[in-house]
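Notes follow the structure.
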Amino acid sequence: MQKKVFIIGTGLGGLTTALRLSSRGYQIEMVEKYHQAGGRLNLLEKDGFKFDMAPTFFSMSYEFQELIEDCNIKMPFEFVELDPLYSVHFEGDQRSYLIYKDLKKLALEFQDVEPDFEKKLQKFLKAAGQLFHDTENIVIRSNFDSLAAYLMKLTTVPIKHAPKMFYSMWHEMERNFESFEVKVIFSLVGFFLGATPFDTPAVYTLLNYSELVHDGYYNVKGGMYKIVEGILQELEKRGVKIHCNTEITGFSEENGKISSFTDRSGKDWKADLFVVNADAAWFRGVILKRAAFSEKKLDAKKWTLAPLTIYLGLDCKVPEMYHHNYFLRRNFKEYAGKIFKNKIKLDKPYYYVNIQSMHNPDYAPPGKECIFILCPVPDLRFKPDWSDDHEIAGSIIHDLSERTGFDFHKHTETRIVLNPGHWEEMFGLYRGSGLGLAHDLNQVGGFRPKNKDEKYKNLYYVGASTVPGTGLPMVVISSRLVTERIQKDNGIVPKK
């Protein structure tokens, strides 16, 4: 008899888990709190403009290749490789730095600020590459049945990498480079993790290897939401049912198993197995009422920075800018040390600008442009009042206009601002944290909330706050790990 799996949440983790399990003969039904599938990988539309809501590029594209091979389908969307990867603008500097994968081109960008840059970078990337390949299968692509098993597996990582677990990414930059600009730019991967390079362990320099050597960064032809649309088309072929505008609020149990989940309208959703694509820590606390995940204990954990996102529809094209742009200042250490706990003014923050219609022209009407701006900000623990969100957004747009010489205010036709409170409400992000639990050493691997429930033997988790961690490729790996769990416990179910 075909087993039924009920999946709560249609983020990338939920969708890819549904794809894998349906390929193995399971019957799938899904619910989603938001009005359409995708989670943070979503799409906004207003006044003829389209906007990717959050992720605008990704690395480790081969994880998507593994997914489609595992499910025996054709790739349902088309990658677009980025090169240069992005540009970086420092306040007061008339030039910007383009970050190329080609190390010869990259060396030319820094020849005036970093002597012998190419030689230093090759040494740095060689060490980062060794770390990446020595740990990827041990830590990133593994399930752990216990903390002891995780710690035992760590002993198989070459001992030469151990020191990087105990000092910061910034310290590693200082060991390899001299110039402020180089150290800041190559520690931006810490911000990609929703943290800062001063509190991100140096082991994550392996991401520098991933971006510059191993795979690079990619967008998707037609926009990032094509990933969701492509997977949805495959799920529709398999008869997977998805119910949007459906929020889970309670559950029933029987004989050590979940028997059903209940939505806000009072409807019960029954199945043999259940997979949660909501935040794994938040769900255990708020829905399952676990003492170990109480509000007090959740607040004590380290969470990633929250997003303040701005979406602009412009009446003309933007001159002389690249697709992906970072706008930074010279107070890097001070800013990084104070931004988490709302101890610095947000009138001149650090931010990222993505000109989405540059690579996807149909995102804007002819002759117009759509812009996405992301500013990492304190979460709702440290800044609960976001009534000033439009004021902060106005300051960012003013700063962007001054630094580029292009008047974004003047040419704005439509504007949407989403603060951490909006993100919490739309997608159940705890305290508005953008990427879930941070990647401190006591919150990764065997220390991260497990993808199999501690109490109910038919309940599993997938997504950014369980193993292996945050980011689109990590979530795709997460779907593989939870599928392995389910297969181990239940076997491959033959199709009818």
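The values are calculated or read from the model by the stated rules, or taken from the named source; none is laboratory data. Given the structure is predicted, the values throughout are model-derived calculations rather than measurements. Cβ sites come from the backbone with ideal geometry, for glycine too, and all protein chains shown count toward neighbours.
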Within the bounds of the range 308-325, is there any residue that is of a type outside the set (D, E, K, R), under 19 Å from residue 193 (Cα atoms) and in contact with a Lys or Arg (Cβ under 9 Å, 6 or more places away or on another chain)? no
Out of (1) among the aliphatic types (A, V, I, L, M); (2) under 23 Å from residue 48 (Cα atoms); (3) touching a helix residue (DSSP H, G or I) at 6+ places or on another chain (Cβ under 7 Å), the one residue 355 does not meet is (3)
Just to confirm my filter: which strands (runs of 3 or more DSSP E) fall fully inside the range 78-133 and include at least 3 residues that are more than 30 Å from residue 156 (Cβ to Cβ) and touching a Leu at 6+ places or on another chain (Cβ under 7 Å)? 86-90
Test of understanding: among 265, 259, which residue is surrounded by fewer than 17 Cβ atoms within 10 Å (Cβ to Cβ), outside any helix (DSSP H, G or I), in contact with a strand residue (DSSP E or B) (Cβ under 8 Å, 6 or more places away or on another chain) and not aliphatic (A, V, I, L, M)? 259
Checked 460, 456, 430 against criteria (under 30 Å from residue 488 (Cβ atoms), surrounded by fewer than 22 Cβ atoms within 10 Å (Cβ to Cβ) and not assigned by TED's automatic domain parsing to the domain that holds residue 144); the one match is 456
Please tell me if residue 179 is in contact with a Phe, Trp or Tyr (Cβ under 9 Å, 6 or more places away or on another chain), within 17 Å of residue 329 (Cα to Cα), surrounded by fewer than 16 Cβ atoms within 10 Å (Cβ to Cβ) and of a type in the set (S, T, N, Q). yes
Before we move on, is residue 23 under 30 Å from residue 413 (Cα atoms), modelled with pLDDT of 95 or more, hydroxyl-bearing (Ser, Thr, Tyr) and surrounded by fewer than 21 Cβ atoms within 10 Å (Cβ to Cβ)? no
Scan the range 99-124 and report the pairs whose first residue is over 17 Å from residue 215 (Cα atoms) and whose second residue is among the basic types (Lys, Arg), with Cβ atoms within less than 8 Å and a gap of 6+ or a chain change. 114/120; 118/104
Can we say residue 355 is in contact with a His (Cβ under 9 Å, 6 or more places away or on another chain) and farther than 18 Å from residue 431 by Cα? yes
Selection within the range 140-166 - under 22 Å from residue 205 (Cβ atoms), part of a loop (DSSP other than H, G, I, E, B) and not basic (Lys, Arg): 142, 155, 156, 157, 158, 166
Cβ-Cβ below 7 Å, separation at least six or inter-chain, first residue in the range 273-298 and surrounded by fewer than 16 Cβ atoms within 10 Å (Cβ to Cβ), second of a type in the set (Gly, Ala, Ser) and assigned to a helix (DSSP H, G or I): which pairs? 294/285; 295/285
Hits in the range 243-289 - residues which are on the phi > 0 side of the Ramachandran plot and among the basic types (Lys, Arg): 289
Does residue 271 satisfy the condition of being within 28 Å of residue 193 (Cα to Cα) and out of contact with any helix residue (DSSP H, G or I) (no Cβ under 8 Å at 6 or more places or on another chain)? no
Return the pair list, or none, for Cβ contacts closer than 7 Å from residues in the range 357-377 that are part of a strand (DSSP E or B) to residues that are of a type in the set (Phe, Trp, Tyr) and modelled with pLDDT under 95, at least 6 apart or on different chains. 376/191
